[in-house]
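Engineer: Have a look at this one.
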Amino acid sequence: MEFSKSRDLFTKALKFIPGGVHSPVRSFKGLHTTPVFIKRAQGAYLYDVDGNNYIDFCMSFGPLILGHGHPRVAEQISSAITRGWSYGCAEEYSLELAEYIIKRIPFIEQIRFVNSGTEAVMTAIRLARGFTAREKIIKFNGCYHGHMDGLLIKAGSGVRQVAEASSKGVPAGVAQDTLVFELGDVESLREIFNTSGDKIAAVIIEPLPANCGLLIQSADFLLELRKLTAKHGALLIFDEVISGFRIGFGGMSELLNASSDSKIIPDIVTYGKIIGGGLPVGAVAAKKKIMELLAPVGEVYQAGTLSANPLAMVAGLSTLKELTPDFYNFLQARSKKITTILNNFISKTLAGNITNFESLFWIAPSQSSESLVKITSADKIPSNISENFYIIFKALLERGVYLAPNAYEVGFISGAHDDTVIADLEKRLLY
Ligand SMILES: *Cc1c(COP(=O)(O)O)cnc(C)c1O
């Protein structure tokens, strides 16, 4: 494979753009190579500037559950563009999307659209603080909630429960209001709620943590969070920016309540990624009594010049309309086939094996013990994981298979990964 045009573009990009990219993970940092520059994409395939093509398992990091350039979504966007692409006024496109979602997700009553997952989370946190008149937030090590100051926090190395910012530029005064725990650590959570429960505004969690590997949580743990927050008057925020509309239409919230007797219903839920079908949309949703704290009704301020952009609303709605129960069944069946094929390749030739949940997968570090113990918290991920991943990533890239370029990212399977693509994948991995 020839990458010379991509290399030239990256050299130029480094001059004009910090690190050559607009989001750090795109830079292939730590992978001992430079990024491929994509010219176009269709279905399950990416096409780069050097004329190579790849079966894409990154899918724009999740939004493209139908694959690239889905014809019915394309048609809706093309038609919308003839009506103008931003009004800054009340319009019915966002209303249609809001109604479509709320009618299918029973525990939410109102929704507000923003431009990204980060914005959705930022609004959710402000709402929770406004609702409870409390300031502390609990988050979990390994859960990513976008790049707002108060959530770029890692567990402190020194004194227990004293958090540190994971980024420069986050004021210590902001960091101190976020408490960080390991996923599954019920004991510490009980302790903090017992000692300072009246200061905690919310617990935020990815109910299916998928930004630091794929750390599948037990329903028992999530139920415990629900009980603790309810008992102490804190809100439970499910960040479903990845899992929403992917693990079934209603995301993990729906799945959890389909399979367990005790209800694990979040107070606030955040969406992003799939909700805009690949255009920039995020959303925060909850019961009316929480949502109506937002301006202009209530006193929690939130706004956006381009929020509920009509093109993005139409892209989102036409994407969501494809997500029938049959669609999810197909997606899951294909995901099983694909992850089996990938797993055979990876485990035979290289170190690692695949953890799969619905249409998400993660190349977990291979474990030395005979019985595979699933990793369910970030502190159990070996620190040298990137070394093995680089070997796997390179081997796949050279065979025309594109993974998200980082060991901690998950893989995404879309509706475009059909049987023809699966046959092509098998062929590409023969060599
Ligand atoms: C991607 C992601 C975000 C951030 O969304 P952006 O649109 O990138 O700002 C927040 N939370 C979760 C769980 C995510 O996966």
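No lab work stands behind these numbers, since they all come straight from the coordinates. Computed from a predicted model, the values in this text were never measured in an experiment. Counting neighbours? That spans all protein chains shown, and the Cβs are built from the backbone with ideal geometry, glycine included.
Engineer: Roughly what would the spin-label model give for T33 and N53, points 7 Å off Cα along C-beta, in nm?
Structural biologist: 1.9
Engineer: Can you give the helix-only mean residue ellipticity at 222 nm for the chain, where every DSSP H stretch with n ≥ 4 adds -39500 (n - 2.57) and the sum goes over all residues, rounded to the nearest 500 deg cm²/dmol? Please list the in-between numbers first.
Structural biologist: Working: 13 runs with 156 residues, N = 431.
So the helix-based figure for the chain works out to -11000 deg cm²/dmol.
Engineer: Using the Cβ atoms and a cut-off under 12 Å, what net charge is assigned to the surroundings of G272, where Lys and Arg are +1 and Asp and Glu are -1? Kindly include the intermediate steps, with their values, before the conclusion.
Structural biologist: Details: positive: R246, K273; negative: E119, E206, D239, E240.
Charge balance near G272 sits at -2.
Engineer: Can you tell me the dipole magnitude for segment 268-350 around its Cα centre, using point charges on the Cβ only (Lys, Arg +1; Asp, Glu -1), in Debye to the nearest 20?
Structural biologist: Working: 9 positive and 4 negative charges, 83 e Å.
Dipole magnitude for segment 268-350 comes out near 400 debye.
Engineer: Another question, then. Take the chain, connect every pair of alpha-carbon atoms lying under 10 Å apart with a spring to form a Gaussian network, then pick out the residue of Y54, Y87, Y402 with the largest mean-square fluctuation.
Structural biologist: Judging by the Gaussian network model, the answer is Y87.
Engineer: Then there is this: Would you mind telling me which residue in N356, N384, N406 has the biggest mean-square fluctuation in a Gaussian network model of the chain, where springs connect alpha carbons within a distance under 10 angstrom?
Structural biologist: N384
Engineer: May I pose another question? Of the listed pairs K273/K321; K227/K263; K103/K288; K227/K374; K103/K287; K136/K231, which have alpha-carbon separations greater than 18 Å here?
Structural biologist: Values: K273/K321 15 Å; K227/K263 10 Å; K103/K288 14 Å; K227/K374 25 Å; K103/K287 13 Å; K136/K231 16 Å.
In this structure, K227/K374 lie more than 18 Å apart at Cα.
Engineer: Now for a separate question. Could you name the aspartates and glutamates whose alpha carbon sits less than 18 Å from that of K336, not counting residues in the same chain fewer than 8 places away?
Structural biologist: D56, D326, E358, D418, D419, D424, E426
Engineer: Oh, and also: Stretched out fully, how many nm does the piece from F61 to E75 gain, at 0.36 nm a residue minus the Cα gap? Please list the in-between numbers first.
Structural biologist: On the way: separation 14, 0.36 × 14 = 5.04 nm, distance 2.29 nm.
Going from the current span to full extension adds 2.7 nm.
Engineer: What's the magnitude of the charge dipole for segment 1-145 around its Cα centre, counting Lys and Arg as +1 and Asp and Glu as -1 at the beta-carbon? Answer in Debye, nearest 20. All intermediate terms of the calculation are to be shown ahead of the outcome.
Structural biologist: Working: 18 positive and 13 negative charges, 113 e Å.
Its charge dipole is roughly 540 debye.
Engineer: So, one more: Return the distance in nm (one decimal) between the two label points of a simple spin-label model at S4 and K231, each offset 7 Å from Cα along Cα→Cβ.
Structural biologist: If labels sit at S4 and K231, their model points lie 6.7 nm apart.
Engineer: Over all distinct Cα pairs, what is the inverse of the mean 1/r for segment 254-399, reported as the Kirkwood hydrodynamic radius in Å? Present the calculation step by step, with values, prior to reporting the outcome.
Structural biologist: On the way: mean 1/r = 0.0518 Å⁻¹.
So the Kirkwood estimate lands at 19.3 Å.
Engineer: Okay, moving on. I need the semi-axes of the equivalent ellipsoid of segment 19-162: take the C-alpha gyration tensor, multiply each eigenvalue by 5, square-root it, list largest first in whole angstrom. Present the calculation step by step, with values, prior to reporting the outcome.
Structural biologist: On the way: eigenvalues 207, 163, 35 Å².
The equivalent ellipsoid of segment 19-162 has semi-axes of 32, 29, 13 Å.
Engineer: Here is a further query. Give me the percent relative contact order of the chain, please, defined on Cα pairs under 8 angstrom at least 6 residues apart.
Structural biologist: Working: 811 pairs, mean separation 95.1, N = 431.
Taking the mean separation of contacting Cα pairs over the length of the chain, I get 22 percent.
Engineer: May I ask for the equivalent-ellipsoid semi-axes of the chain, computed as the square root of five times each C-alpha gyration tensor eigenvalue and listed largest first in whole Å?
Structural biologist: Details: eigenvalues 220, 148, 92 Å².
Value: 33, 27, 21 Å, ordered largest first.
Engineer: Next up: Please compute the alpha carbon radius of gyration of segment 92-157, then divide it by the globular-protein estimate 2.2 N^0.38 Å. Two decimals is fine. It would help to have the intermediate numbers written out before the result.
Structural biologist: On the way: Rg = 14.7 Å, N = 66, 2.2 N^0.38 = 10.8 Å.
Compared with the compact-globule rule of thumb, segment 92-157 sits at 1.36.
Engineer: Once you charge only the Cβ atoms, +1 for Lys and Arg and -1 for Asp and Glu, what is the size of the charge dipole of the chain about its Cα centre, to the nearest 20 debye? It would help to have the intermediate numbers written out before the result.
Structural biologist: Working: 43 positive and 43 negative charges, 92 e Å.
Magnitude of the dipole: close to 440 debye.
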